[in-house]
Amino acid sequence: MAWSLENELRDLIGVNEIGEAMERLGFSRRASITSLRSGWRRGGAETYVYEFDLVEGAREAPMILKACTPGFGVASVRSSFQKWLQRRRSVSERGIATPHLYAVGDCVLLEERLPTKLTAAKGTGLASDLALSAASMVVDLVDMGYRPVDLISDLWCRGAVAVLVDFGEDLGDPATAVPPTKSLQASYSCLKSLGVSGDSQALRLISSRIADFVQECFVGDAKWSESTKNSN
Ligand SMILES: Nc1ncnc2c1ncn2[C@@H]1O[C@H](COP(=O)(O)OP(=O)(O)OP(=O)(O)O)[C@@H](O)[C@H]1O
Ligand SMILES: [Mg+2]
């Protein structure tokens, strides 16, 4: 049987007919699919994506299919995909916003497609709220032990809320023995380039976290203080 988006959705959702798949996605059987472009495209280093909308009258649900295609250094595609799901679960339990997950298949998932990247908010009325939302996320992630270096470029927006969409190797696994300062400093610079002022709530939140960590390091009871000393 030839590949088609309809077949992929039936398979992913585990039903026999596309009408049933539409119903499981909260639409009626009459809903239609509008693809943004024909076929899959490479999303980035670890994904292939297929973007489409489910449309019924005035109602439209932007969706994205994401296939896990990791690069070198992972045990297997399946284990990499399982890691995506674990990280996604752990961060959303912490209250970090993630795209709505419609369906999970064998190394493929279907999720809400968000309209804009955080970095596109520069100069808009939402920039300072989004910066604060992103800064809170960064602080939560480093508190959980994650050490992302280029987090801000993986953030998308749902209104004034920053949403994390990438749970791959850029987020990585929690590594509490590694000092969080690099992650915090990189996020600080990136948020500053969004145009928010140096004394904004967002940047004050990140810089006060950097100050806390530096102080903990000198007091000497931080989990990562040994590795900080070793790397100097
Ligand atoms: N939920 C989403 N909403 C909108 N676009 C998305 C979403 N998820 C992924 N994308 C699109 O697909 C691209 C790749 O997704 P993602 O960042 O998850 O994968 P990646 O292969 O790890 O990418 P990178 O190499 O940039 O880290 C994004 O840059 C974006 O264009
Ligand atoms: Mg990535």
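For the chain, the 222 nm mean residue ellipticity estimated from helices alone, with every DSSP H stretch of n ≥ 4 adding -39500 (n - 2.57) and the total spread over all residues, rounds to -12000 deg cm²/dmol.
This model, with +1 at the C-beta of Lys and Arg and -1 at the C-beta of Asp and Glu, gives the chain a dipole about its Cα centre of some 300 debye. Sequentially through the stretch 195-208, phi angles give Karplus couplings (6.51, -1.76, 1.60; θ = phi - 60°) of x, 7, 6, x, 9, 5, 4, 4, 6, 5, 4, 5, 5, 6 Hz, Gly and Pro residues having no value and appearing as x. What does the C-alpha gyration tensor say about the overall shape of the stretch 123-218? Classify as rounded when a/c is under 1.5, otherwise prolate if a/b is larger than b/c, or oblate. Since a/c reaches 1.5 but b/c is at least a/b, the shape of the stretch 123-218 is classed as oblate. Applying the Karplus relation 6.51 cos²θ - 1.76 cosθ + 1.60 with θ = phi - 60° to the stretch 150-156 yields 3J(HN,Hα) values of 10, 5, 4, 6, 9, 9, 10 Hz, where x marks Gly and Pro. Remark on G43: its backbone amide H falls under 5 Å from those of Y48, V49, a criterion applied only to residues 5 or more positions apart or on other chains, H modelled at 1.01 Å from N.
Can you give the direction-averaged projected area of the convex hull of the alpha-carbon atoms in the stretch 5-112, in nm²? Mind dumping the intermediate values first?
Numbers: hull surface 30.1 nm².
Projected area, direction-averaged: 7.5 nm².
Taken over the Cα atoms of the chain, the convex hull encloses 141 Å³ per residue. Taking amide H atoms as placed 1.01 Å from N in the peptide plane, the amide H of A103 lies under 5 Å from those of L110, each 5 or more residues away in sequence or on another chain. Where a ≥ b ≥ c are the square roots of the eigenvalues of the C-alpha gyration tensor, would you call the stretch 97-164 rounded, which needs a/c under 1.5, or, failing that, prolate if a/b is larger than b/c, or oblate? Oblate, because a/c is 1.5 or more while a/b does not exceed b/c. Rounded to whole numbers, the Karplus 3J(HN,Hα) couplings from phi for the stretch 85-91 are 5, 4, 5, 4, 4, 5, 6 Hz, using 6.51 cos²θ - 1.76 cosθ + 1.60 with θ = phi - 60°, and x at Gly and Pro. Annotation note: trypsin sites (Lys or Arg not before Pro) in the stretch 1-92 located in DSSP loop regions with a Cβ neighbour count of at most 13 within 10 Å are R29, R30, R37.
Read-outs: derived from the displayed coordinates by stated rules, not from any lab. These figures come from a predicted structure and were not determined experimentally. Because the Cβ atoms are built from the backbone with ideal geometry, glycine has one as well, and the counts that use them run over all protein chains shown.
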